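Peer 1: Quick one: the structure is below, and I'll ask about it shortly.
Since every read-out is calculated from the coordinates, none of them should be taken as a lab result. Values in this document were obtained by computation on a predicted structure and should not be read as measured data. Backbone-built Cβ (ideal geometry, glycine too); neighbour counts: all protein chains shown.
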Amino acid sequence: MPKLKIFPYEGNEISFEFEDKNRMINATQMAKAFWKLVWGFLRLQSTKQYILLLQKRYADLHNENHTEVIRVIQSWNPQLQWTRMHEKLALKFAARLSPKFELRVYDKIHELLTTGKTTMQITPRENIIQSIRMITDQLEVNGKDIIRLKDSIHLMKDSLQDLEAKIISIDENYYSISGYCNLHKIECPLDQAQTWWCEATRFSKKNSTPIGKAYDAKYGEINTYHKDVLKKIVLKK
């Protein structure tokens, strides 16, 4: 198994697999750093065309398609699901996430190709102290604005929870995973939501229970499930 190089980015770890000609970057970790999902990028028509172009290029270069463009590891356990992308595709994904992040990923790719390792840029101690002072001064000046911003965020979260709880399809007995959790005041982190999604889908199909569709402003088209299914999967009753 190729050894992974780890690139830290704002408290997140992103792994680079550059020990063979399949130079891959962990796209799942990239997306997680921005609270995004990889499939939102992969379902774009422009992305699909770009992947086909890359696959054709490497097939032409090597007569066989030895160079991977994308590698997806499937698992019922969301913690074990990974999507790795070829460096060129990963750069395109990074550009969609953030221009600043795109530049950092490009720099790390360059480091790996030239030195074989990634490094963290260390700022001189004087600059660190100066930066901390500037941040604390700015926080002190804008303290009241920060408090007002926090209050606004709490209000927005409450409104979002109310909206998510009302996302239904087919009839009033169908809810999205997040909507059902909000209705019952249950925490719904992304990895747990994915697990419940898999279980609810499998249970609905096994019992011939229709699965609905609804539109969510955050994730686009999502599945909705009968409340009896969600009661058994989420509430374990």
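Peer 1: For the stretch 93-103, just list the computed ³J(HN,Hα) in residue order, Karplus coefficients 6.51, -1.76 and 1.60, θ = phi - 60°, integers in Hz, with x standing in for Gly and Pro.
Peer 2: Per-residue couplings from phi come out as 5, 4, 5, 6, 6, 5, x, 4, 5, 4, 5 Hz.
Peer 1: Which whole-Hz ³J(HN,Hα) couplings does the stretch 223-237 yield from phi under the Karplus relation 6.51 cos²θ - 1.76 cosθ + 1.60, θ = phi - 60°, glycine and proline marked x?
Peer 2: Result, ordered by residue: 7, 10, 10, 5, 4, 5, 5, 5, 4, 6, 7, 7, 8, 6, 10 Hz.
Peer 1: Which entries in K92/K205; K56/K213; K92/K227; K48/K227; K36/K236; K36/K232 show an alpha-carbon gap greater than 31 Å?
Peer 2: Checking Cα-Cα distances, K92/K205; K56/K213; K92/K227; K48/K227 exceed 31 Å.
Peer 1: Still on this structure: List the residues, sorted by chain then number, that are 5 or more residues from I70 or on another chain and whose placed amide H is less than 5 Å from its amide H.
Peer 2: Those qualifying (amide H under 5 Å, at least 5 residues apart or on another chain) are H86.
Peer 1: Separate question: Exposure proxy check: C181, C198 ranked by fewest other beta carbons within 10 Å? If you can, show how the numbers build up before the last one.
Peer 2: Values: C181 23, C198 15.
If I rank by nearby Cβ atoms, fewest first, I get C198, C181.
Peer 1: Can you list residues from other chains, or at least 5 along the same chain, whose modelled amide H is less than 5 Å from the amide H of T224?
Peer 2: Amide H neighbours of T224, under 5 Å, 5+ apart: G212, K213, A214.
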